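Okay, so here's the structure we're looking at.
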Amino acid sequence: MSDSHRVLDAAGRAEIKIKGSRFIAEAVPVSSALEAEEALQAIRKREYDATHHCSAWRIDPEGIEFRWSDDGEPSNSAGLPIFRHIEGRDLFGTAVVVTRYYGGTKLGTGGLIRAYGEAASLALDAARVREVIPRTRLTLRFAYDDTSPAMHLLSQYDTVVAGTRYSDETEIDVDVRNRDLAPFQAAFVEALSGRGRIEPA
């Protein structure tokens, strides 16, 4: 199972018209429920004369922060379909707001589910997505003579070197993938026969 997750990196927008109603969907990158709420309120203020502002967001991979709202549409006909498209793409850090301007013809619950879902899907298609790999920064300290085994170890793991300093010993700040923390630390001790030190940065 991968420890990485996908987040929205840049916003996307789409618009569809169904039986006179306009559905304007906006997918926005957010890092908290507060940011998602602020994005919703900004769109609500801009599109102040719209009939509905239905929304959904999903923030964290732990699944604690998520929400959807029908904003006056029939129960689960708008917010939930929007959320299902975020969830179906396995996205986090994502808020989608679909603004509806009513066109005079009722669509029925099934029609609303399709319309809100399609608009959300198109906005997500237009957005940019990136992969996030959770990492922890460690500081490695070792003598110059141990540079070769230390660097060889770094090449064996998915690590990112964040900084290097030289004095009477070498110090390297390295970002290690969270799932590799324990084996990486054990391998460092073994590779340097216990001579080096490894500490949280």
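The values are calculated or read from the model by the stated rules, or taken from the named source; none is laboratory data. Keep in mind that this is a model prediction, so the values were computed, not measured. Cβ placement follows ideal geometry from the backbone for every residue including glycine, while neighbour counts extend to all protein chains displayed.
Hey, can you tell me all the residues within the stretch 184-201 that are out of contact with any strand residue (DSSP E or B) (no Cβ under 7 Å at 6 or more places or on another chain) and under 21 Å from His5 (Cβ atoms)?
We begin by selecting, within the stretch 184-201, every residue out of contact with any strand residue (DSSP E or B) (no Cβ under 7 Å at 6 or more places or on another chain); these are 186-187, 189-191, 193-194.
If the condition is that a residue be out of contact with any strand residue (DSSP E or B) (no Cβ under 7 Å at 6 or more places or on another chain) and under 21 Å from His5 (Cβ atoms), then no residue fits.
Taken over the stretch 116-146, the criterion of being outside the structural domain of Ala186 (by TED's automatic domain parsing), part of a helix (DSSP H, G or I) and not charged (D, E, K, R) is satisfied by Tyr116, Gly117, Ala119, Ala120, Ser121, Leu122, Ala123, Leu124, Ala126. Scanning the stretch 18-39 for residues that are surrounded by 13 or more Cβ atoms within 10 Å (Cβ to Cβ), within 30 Å of Gly104 (Cβ to Cβ) and not hydroxyl-bearing (Ser, Thr, Tyr) yields Ile18, Arg22, Phe23, Ile24, Ala25, Glu26, Ala27, Val28, Ala39.
Condition first: touching a residue at least 40 places away in the same chain (Cβ under 8 Å), in contact with a Phe, Trp or Tyr (Cβ under 8 Å, 6 or more places away or on another chain) and under 22 Å from Leu112 (Cβ atoms). Now tell me which residues in the stretch 53-72 satisfy that. Result: Cys54, Ser55, Ala56. Need pairs with beta-carbon distance below 6 Å; first residue under 15 Å from Arg135 (Cβ atoms) and within the stretch 180-198, second surrounded by 11 or more Cβ atoms within 10 Å (Cβ to Cβ) and among the small types (Gly, Ala, Ser); sequence gap 6+ or separate chains. Listed pairs, sorted by first residue: none to list.
Taking the conditions (1) among the acidic types (Asp, Glu); (2) within 22 Å of Ala56 (Cα to Cα); (3) in contact with a strand residue (DSSP E or B) (Cβ under 6 Å, 6 or more places away or on another chain) in turn, Asp125 satisfies each one other than (3). Of everything in the stretch 147-183 that is touching a helix residue (DSSP H, G or I) at 6+ places or on another chain (Cβ under 8 Å) and in a helix (DSSP H, G or I), the residue that is farthest from Val30 (Cα to Cα) is Pro149.
Restricted to strands (runs of 3 or more DSSP E) entirely inside the stretch 20-100, those with at least 2 residues that are of a type in the set (Val, Ile, Thr) are 21-29. Note on the stretch 73-97: among residues that are small (Gly, Ala, Ser) and in contact (Cβ under 8 Å) with a residue 12 or more places away in the chain, the one that is surrounded by the most Cβ atoms within 10 Å (Cβ to Cβ) is Ala78.
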